[in-house]
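Only the coordinates and a few stated rules stand behind these numbers; no lab work does. Quick caveat: nothing in here was measured; it's all calculated off a predicted structure. Note that each Cβ is placed from the backbone with ideal geometry, even for glycine, and that neighbours are counted across all protein chains shown.
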Amino acid sequence: MKLSLKAESSLILEPCQFPVRTDKARLAVSTMASFFTCALDQVFIHLCSCVGGEVSYVCNLKKNLAALEKTMNLRYGNIQNQVYELLLPRRDERVRLRLCGLCTKNLSSSHSYGKRVFEMLKEVEDVHSKGVFEVVAGPPAIAVAVERPLPNTIVGQENILERAWEHLMDAGTGMMGLYGMGGVGKTTLLEQINNKFIEHPVDGVEIVIFVVVSSELRVEMIQDAIAEKLGFLREDWKQKEKSQKVTDLYARMKTMKFVLLLDDIWKEVDLKEIGVPFPARENGCKVVFTTRSREVCGQMRVDDPMEVKCLESNEAWDLFRSNVGKITLESHPDILELFKSYLFESLRRNQY
């Protein structure tokens, strides 16, 4: 019989050419395995205590993560979402650790993350000690989207919002395009869709990411915006090459059911170049974008985009009246005629 010691401090019995004849032999091997495991654990703990508290953030990272994960079924008020956001990159951080956590592939990243986990765990323990929490049966209700501020008055978008939401919730919809001339309310519509995921949580959707693209398409800017929402550490992320960012984003997002909202795209956005898995019925992910061009919708493989049209004249008047106010409207008899001429000119310009 031959023994080999693995990095995780566990003894593995390799296949042997003769059978173990007695239970005493098995007991002896089991005892030896326990001895070596305990011995290595003690050495590990001693080394961490000797080199000081800073390194202990790395040494104790696995243990602290496990402790923090156990708090996910407790509601701690305002810090609950902070715990969730902090745990998002835990898979990558665990992969960096070597030799049971004694070594790491990136000391700076592991130290920074380990310190944040330690501090959050202390904060949770403090709240727990005061009894300010509630036990829940299932996973905690996490705000998967960040609420977007909306205009005080939104006129004429009730119907298209309802149609867009219904279309997006269809299992066969992976990519959805919203197109229309500038200023018709595409961004406001997309922001309302974003906020709907907060008001009406969708089963399975883990995260909703809103990114403003604009005419100058910058892939790394989109990558950075997505990475920040996914919880990648900013200091570590900045040091990565573009190709590594693609790999890291794809590895993270392929295990998640996400909704990506891209506002104001002017040409095709290559999801593969960014590192975003293509949305499909199989993964349940979705991408929604706004654009001025129906042609861009075709480039994004959307054959049935939704047009966001201008307000009807009566709707435009209602919006104008609510924004200007009654006192201003009644201050001069020519305001109505000026508004009509301005509306006509605006529509004429946007047709070209």
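Spin-label model, residue 282 to residue 169: label points 7 Å out along the Cα-to-beta-carbon direction sit 2.7 nm apart. Simple spin-label estimate for residue 299 and residue 331 gives 4.5 nm between the two label positions (7 Å along the Cα-to-Cβ direction from each Cα). For segment 244-253, 3J(HN,Hα) computed residue by residue from phi via the Karplus equation (6.51, -1.76, 1.60; θ = phi - 60°) reads 5, 4, 4, 4, 5, 5, 5, 4, 6, 6 Hz, glycine and proline entered as x.
Close amide H pairs (under 5 Å, H built 1.01 Å from N) link residue 308 with 179, 180, residues at least 5 positions away or on another chain. Under 5 Å from the amide H of residue 210 lie the amide H atoms of 261, each residue being 5 or more positions distant or on a separate chain, with H modelled from the backbone and absent for Pro and chain starts. If R0 equals 41 Å, the separation of the Cβ atoms of residue 225 and residue 130 corresponds to a calculated FRET efficiency of about 0.65. Remark: segment 193-207, residue by residue, has Karplus-estimated 3J(HN,Hα) of 5, 4, 5, 5, 5, 7, 6, 10, x, 9, 3, x, 5, 8, 7 Hz, where x stands for each Gly or Pro and the curve is 6.51 cos²θ - 1.76 cosθ + 1.60 at θ = phi - 60°.
Applying 0.36 nm per residue to the separation of residue 267 and residue 70 and subtracting their alpha-carbon distance, the gain on full extension is 66.4 nm. Normalised by residue number, the volume inside the convex hull of the Cα atoms of segment 194-288 is 100 Å³ per residue.
For residue 122 and residue 212, FRET efficiency with R0 = 35 Å and r from the beta-carbon atoms, rounded to 0.05? E between residue 212 and residue 122, to the nearest 0.05, is 0.45.
Projecting label points 7 angstrom from Cα along Cα→Cβ for residue 107 and residue 82 puts them 2.9 nm apart.
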